[in-house]
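Participant: Following this message is one structure expressed as structure tokens.
The values are calculated or read from the model by the stated rules, or taken from the named source; none is laboratory data. Model, not experiment: these values are computed from the prediction. FYI the Cβ positions are ideal-geometry reconstructions off the backbone, even for glycines, and counts take in every protein chain you see.
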Protein chains: 2
Amino acid sequence: MAPDTKSIAGPAIRAVNPWVPGNPEKRARHQLLSDDERAQLAKIASIVRFNKGEEIYSEGGEAGAAFNIVSGVVAAYRALSQGEYVLSFLYPGDVFGLSEEGCYSNSTRAATSVVAYRIPLSALRRVLDNNAGLDVDVIIKLCEGLREAQRHALLLVQKRATTRLAMFLELQEHLQVANGEPVSEIYLPMDRSSIAGYLGLTLAALSRAFRTLIVKQVISTRNRHHVRIIDREAFNRLADAHFVGS
Amino acid sequence: MAPDTKSIAGPAIRAVNPWVPGNPEKRARHQLLSDDERAQLAKIASIVRFNKGEEIYSEGGEAGAAFNIVSGVVAAYRALSQGEYVLSFLYPGDVFGLSEEGCYSNSTRAATSVVAYRIPLSALRRVLDNNAGLDVDVIIKLCEGLREAQRHALLLVQKRATTRLAMFLELQEHLQVANGEPVSEIYLPMDRSSIAGYLGLTLAALSRAFRTLIVKQVISTRNRHHVRIIDREAFNRLADAHFVGS
DNA sequence: CGCTAACTTGAACGCCATCAATGCTTGTGG
DNA sequence: CCACAAGCATTGATGGCGTTCAAGTTAGCG
């Protein structure tokens, strides 16, 4: 499954099309670009590799290129006076560095080893201007980003750390499902401090939240990157506690 | 100033164009639609009025129409098990109810008395299809929504209530500046519980945060809807404490 | 095998949630 | 015009949970 992540025919933008109705569970992420568009982009793109922890670009820096992830996970973050806040995690098929003309509006760092296409913005703009159909793809990707940001905000208003963690784990699980990967256990590629940054918690609080869920037999951890859900009902009660209906 | 809010020639989409470089303070929100486009939309729109507190539509309901605010403030929210979470406040020139095909993804309620255009979605879609230029407007509006959602998330990761409140007040002030309104004092049209919902705080905590800022002589309140900043330096220290540079 | 960085755990403190009571203010009817 | 009521907002007291700072522990890598 999910072969188009690896078959390198050029940059790939993957997303769910929000305008196609259907069961939310069924709507998988798929490739938005045509082979022709990918080939066009491939001509102006170059492959780059980042080690885990390596800075890709930083806030305020001159924006020269956008990136399209082939493999690995990237964390977009902003440095705060105390610690740092992770705005979003970016996965294969995502595009980043495209937001602002002129300079980057946040920093990005490789949360794991990352392989990506680097696409100079000037060349990208030429391609976009010549492909009217790409407008729609951009809109779809923006909608996806918007929904994700709102979901993130919904997570952040939760007050108990265990609730935030459960919602995050559920999010990761959905991501894996949408990518057609097996989900007998949840894979967390990023390290604890990145997760804490995303959840708006300290490292200590996140660690305690994991401990609490393990002690209560809701989840178990095979190691720091692999989580299994033991008690699905209790898990859903935590993660979906914010909805009225259920 | 800001005459186009009142001169009713048809629906008006107002936004800052993120692609036009320039001093952030200088970039004012402006009308995106041409007179012709507004006239076209006017033909399929009807004027509706909502009293303060009135429900406009609710989550899960069948989405039949989008709305474009003429005057007043709307709160988009989701009901949680405990209280409700306000995703965003919508102002004159904003469009809402457009997000999902099929059914609304959140509820909306008039935070003040509201006058708005009601635009049936079916007719709207026809107009959009015939005006290629509107794509760009949609993208601009989406970008604005995305930046706002990320800013909201940035607010929500702040741990002290006074910081969240200061950031919210700063946001409101920027809004007024962008609309060309005088800003000797900040106007808060919505009630306290809506603000509390937006800040992820309880009513009590929000009230205490106001009290703290007043006691510390950072702000003063003429009444529940009018705030004045007394100590600008202290205010900025609170509201901008999250940035590294300053 | 030992080093380092990432993670976990412990104890004390502070801030916000909670619940409950009081005060303000807005609108309505006498 | 005032009295009253209902909603909205403020204030008080208490407890829980996350932060903070510091000390262990584990895992990853040479």
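Participant: Every residue in region B:192-203 that is closer than 16 Å to B:Asn223 by Cα and either within 14 Å of the chain's Cα centre (by Cα) or among the small types (Gly, Ala, Ser) (or both), please.
Facilitator: Of everything in region B:192-203, those that are closer than 16 Å to B:Asn223 by Cα and either within 14 Å of the chain's Cα centre (by Cα) or among the small types (Gly, Ala, Ser) (or both) turn out to be B:Ser193, B:Ile195.
Participant: Let me ask you something else. Sort out which residues of region B:193-211 are surrounded by 15 or more Cβ atoms within 10 Å (Cβ to Cβ) and either in contact with a Cys (Cβ under 7 Å, 6 or more places away or on another chain) or farther than 22 Å from B:Leu87 by Cβ (or both), and write them in order of number.
Facilitator: B:Arg208, B:Phe210
Participant: State whether one or more residues within region B:121-128 are modelled with pLDDT under 95, within 19 Å of the chain's Cα centre (by Cα) and more than 14 Å from every other protein chain (Cβ to nearest Cβ).
Facilitator: no
Participant: Name the one entry in B:Gly60, B:Gly102, B:Gly83, B:Gly97 that is within 16 Å of DNA strand C (Cβ to nearest atom), on the phi > 0 side of the Ramachandran plot and small (Gly, Ala, Ser).
Facilitator: The match here is B:Gly83.
Participant: Tell me which of these B:Ser184 doesn't satisfy, since it passes every other one: (1) more than 16 Å from DNA strand D (Cβ to nearest atom); (2) in a loop (DSSP other than H, G, I, E, B); (3) within 19 Å of the chain's Cα centre (by Cα); (4) of a type in the set (S, T, N, Q).
Facilitator: Every listed condition holds for B:Ser184 apart from (3).
Participant: Take B:Asn68 and decide whether it is in contact (Cβ under 8 Å) with a residue 24 or more places away in the chain, buried (at least 22 other Cβ atoms within 10 Å of the Cβ) and more than 10 Å from chain A (Cβ to nearest Cβ).
Facilitator: yes
Participant: Moving on. Would you point out which residue out of B:Gly197, B:Gly180 is farther than 19 Å from B:Thr112 by Cβ and not hydroxyl-bearing (Ser, Thr, Tyr)?
Facilitator: Working: B:Gly197 fails: farther than 19 Å from B:Thr112 by Cβ.
One residue alone meets the criteria, B:Gly180.
Participant: If a residue must be within 12 Å of DNA strand D (Cβ to nearest atom) and either in a strand (DSSP E or B) or in the same structural domain as A:Tyr85 (by TED's automatic domain parsing) (or both), how many such residues does region A:197-234 contain?
Facilitator: Result for region A:197-234: 4.
Participant: How many residues are touching a residue at least 12 places away in the same chain (Cβ under 8 Å) and within 8 Å of DNA strand C (Cβ to nearest atom) when one looks only at region A:208-224?
Facilitator: Total meeting the criteria: 3.
Participant: Applying the selection to region B:208-246, what residues are within 25 Å of A:Ala79 (Cβ to Cβ), modelled with pLDDT of 95 or more and basic (Lys, Arg)?
Facilitator: B:Arg232
Participant: Continuing with this model, one more query. When the residues of region A:148-207 are filtered to those that are touching a Lys or Arg at 6+ places or on another chain (Cβ under 8 Å), among the hydrophobic types (A, V, I, L, M, F, W, C) and free of Cβ contacts under 8 Å to residues at least 40 places away in the same chain, which remaining residue is farthest from DNA strand C (Cβ to nearest atom)?
Facilitator: Here the answer is A:Leu171.
Participant: Looking at B:Asp240, B:Asp231, can you tell me which residue is within 14 Å of chain A (Cβ to nearest Cβ), away from DNA strand C (no atom under 14 Å from the Cβ) and not polar (S, T, N, Q)?
Facilitator: Matching residue, one of B:Asp240, B:Asp231: B:Asp240.
Participant: Taking into account only those residues within region B:129-179 that are of a type in the set (Lys, Arg) and outside any helix (DSSP H, G or I), which is farthest from the other protein chains (Cβ to nearest Cβ)?
Facilitator: Taking region B:129-179 as the starting set, the residues that turn out to be of a type in the set (Lys, Arg) are B:141, B:147, B:151, B:159-160, B:164.
Okay, now just the ones that are also outside any helix (DSSP H, G or I), so B:159-160.
On the way: B:Lys159: 8, B:Arg160: 11 Å.
Among those residues, the one meeting the criterion is B:Arg160.
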